[in-house]
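First comes the structure, then the notes that go with it.
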Amino acid sequence: MKKVILNIAMLATMGIACSGCIDESFPNDDYVTEDQVDQMASGMDGLVNAIAGHLGMSETYGSYEFDLGYAGLGMIRDVLVTDVTIYSPGYDYFYYWASDTYLGGNYSTAYFPWGYYYKWIEKSNIILRKEFKESNKIYFGVAHFYRAWAYFDLVRMYEFKKTGVSSLDQQAEANGIYGQTVPIIRENTTEAEARNTPRAMFYDMYRFILDDLTQAEAYLADYRESDRKAHNIPDISVVHGLMARFYLELGTRFELAPADLSTYQSSGVDLGVASAKDAYAKAASYAERAIAASSSTPLNEDRWFGGSGYSNGFNSASDWMLGALVSKEIMSTSEWRNFIGHMSPEQYYGVGGISFESATNTYTNAYGAQRIIDRSLYDQISDTDWRKLTWLNPADEGKSNGGKYKTSVTDGHFKMIPAYASFKFRPKENERSDYSVSAAVDYPLMRIEEMFFIQAEALAASQGVAAGEAVLETLMATRDANYTCNATSLATFRKELMLQKRIEFWGEGILYWDYKRLNLQVMRGYIGTNSPTSYRLNSIDGYCAPWFNFFIPIKEYGMNTAMKANPDPSGSIDPWEE
């Protein structure tokens, strides 16, 4: 495999510290100045579009095949867990994360995630530096919401959690970083302050995020789906959805780490909860409010697989509460840098597609980098669950489709698709050749199904397993008519809920949050695994996988003298050998 990681200087992580990077084109640049905003009649619209548009834009950091914008970050998080692996690693541009290699130091694997989020935060800060006017409250609500989203992601990615690897955990202890998250850059933070801003303690960061969400809730209180122009702009249901995620995170933390609850209680910070049970109750309430306020409903089998012609499955934000919109105008000009080219086997471009030679009518699996479901997860899907047809059964590999799978590819194409490959994410309009059309698909950020899962888990933790089971069974009735949940404890209920959640959200970039939140074991090395040899990493049961703790780029320590380092997780666990 050709190495794409380079030892390079960091591109700006904070707009404050790199105003000279601003391109004068607007609004398609990485940054916009306040002078540019003031010169435009639609300046605030342009700024909001810049915040939301950042989610769908590729090449935000450089010309790297893994820089697919937010979808690229989602793929990074997916390959860190058990569930999303690859047929052949030769052209896997996410190899470094999946194999626990080159994740620290001066590599772009460290710089891309960090730089992406702080660029995005600065776009929100530009709005929040403006003078507030009641007529602009929607813009301010969106800015507060997306800044909260960005920091909430950063907290969960960069806060170091114990790994069970003594060398890493001891280094974290020596560095004094337990409980520390990331620096908070507010709209009024000066450059001098940014260069001496320590990583915020978790309770202070949670308070900052909650303040942003509270502001967003107030400003968007009457903003409904019918009011928004596109599904990459949050309405009140989406704000409630992020609140539900936030309180679920708090509930789990305070349940599994009572010492953190004591630390929070003595900090003087008020998060509106006094216990794990309080936080779970709020998570359940906000999930219920999100469901009530949203016009979304759980996807049925027809909508999941793309409807007539199988052309719309998981490529349109109109089916979700929130999505990243990708258009031809903001896509990469390279056919290799797009989500569909990695995640779908139904097109002729990208490392995840099937190559087609029209002159000879020949199909080949030239690159072999199809994303596939982990075998152990696939084997746990009930045969009566229609979601199982999302992935190719190994018994059907190399055979004609015969109408069994919901795809419109030809038989010659279908026979080249490897076992366990997914038909979940579709090329736009079933276009197979022209990536500028085919890959201009939306990326899911929040679906109504997640709110049912949050409500179920939070109710089980706050009111009892029976309350959670009722919600889970209501959702699962839309997937498997024969489904029943027979959990006898919170632990067994969580295990069952997470099984269904892993199936439901495979490939959507959100399962990492649950793995890290619950200290779920990554298990890619086992008898019969379908993960490539170097990917067979097993984390230590009951601990956070080392590679879940993202490495803060080295150059940040030169730019910010108050920063403390995370240990480099690279190579901390050897691949499993049979």
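Read-outs: derived from the displayed coordinates by stated rules, not from any lab. All values derive from a computational prediction rather than experimental measurement. When we count neighbours, we look across all protein chains shown, and the Cβ atoms used for this are built from the backbone with ideal geometry, even at glycine.
Anisotropy class assigned to the stretch 202-356 is prolate, per the alpha carbon gyration tensor with a/c at or over the 1.5 cut-off and a/b larger than b/c.
For the stretch 520-528, putting each phi into the Karplus relation 6.51 cos²θ - 1.76 cosθ + 1.60 with θ = phi - 60° gives couplings of 6, 6, 7, 9, 9, x, 6, 4, x Hz, in residue order, rounded to whole numbers and with x for Gly and Pro. Each 20 Å bin, from zero up to the one with the longest distance, holds this percent of the alpha carbon pairs of the chain: 21, 59, 20, 0. Mean separation of Cα pairs under 8 Å and 6 or more residues apart, divided by the residue count, gives the chain a relative contact order of 21 percent. Each peptide in 560-573, 366-379, 314-327 gets a packing score, the mean of other Cβ atoms within 10 Å over its residues, and the list from highest to lowest is 314-327, 366-379, 560-573.
Annotation: peptides 191-198, 92-99, 514-521, 403-410, ranked by per-residue average of other Cβ atoms within 10 Å with the highest first, follow the order 92-99, 514-521, 403-410, 191-198. What the phi angles of the stretch 293-306 give under the Karplus curve with 6.51, -1.76 and 1.60, with θ = phi - 60°, is a coupling list of 7, 8, 8, 6, 9, x, 4, 8, 4, 5, 5, 4, 8, x Hz, glycine and proline written as x.
Annotation: amide H of LEU445 within the under-5 Å range of LEU322, GLY323, ALA324, sequence separation 5 or more or interchain, hydrogens built in the peptide plane.
Using θ = phi - 60° in the Karplus curve 6.51 cos²θ - 1.76 cosθ + 1.60, the 3J(HN,Hα) couplings for the stretch 437-453 round to 9, 4, 8, 7, 10, 7, 10, x, 10, 8, 10, 5, 4, 4, 5, 5, 5 Hz; x is entered for Gly and Pro.
Put simply, the amide H of THR82, placed in the peptide plane, has neighbours under 5 Å in MET523, leaving out anything fewer than 5 places away on its chain. For the residue pairs LYS229/LYS501; LYS404/LYS495; LYS399/LYS516; LYS229/LYS282; LYS161/LYS388; LYS119/LYS516, alpha carbon separations beyond 28 Å are given by LYS229/LYS501; LYS404/LYS495; LYS399/LYS516; LYS229/LYS282; LYS161/LYS388. Residues whose amide H comes within less than 5 Å of that of TRP576, counting only those at least five positions distant or on another chain, are ARG536, LEU537, ASN538 (H built at 1.01 Å from N in the peptide plane). Identify all lysines with a Cα-Cα distance to LYS133 below 20 Å; exclude those on the same chain that are fewer than 8 residues away in sequence. Within reach: LYS123. Percent relative contact order of the stretch 280-383, based on C-alpha pairs within less than 8 angstrom and at least six residues apart? It comes to 12 percent, rounded to a whole number.
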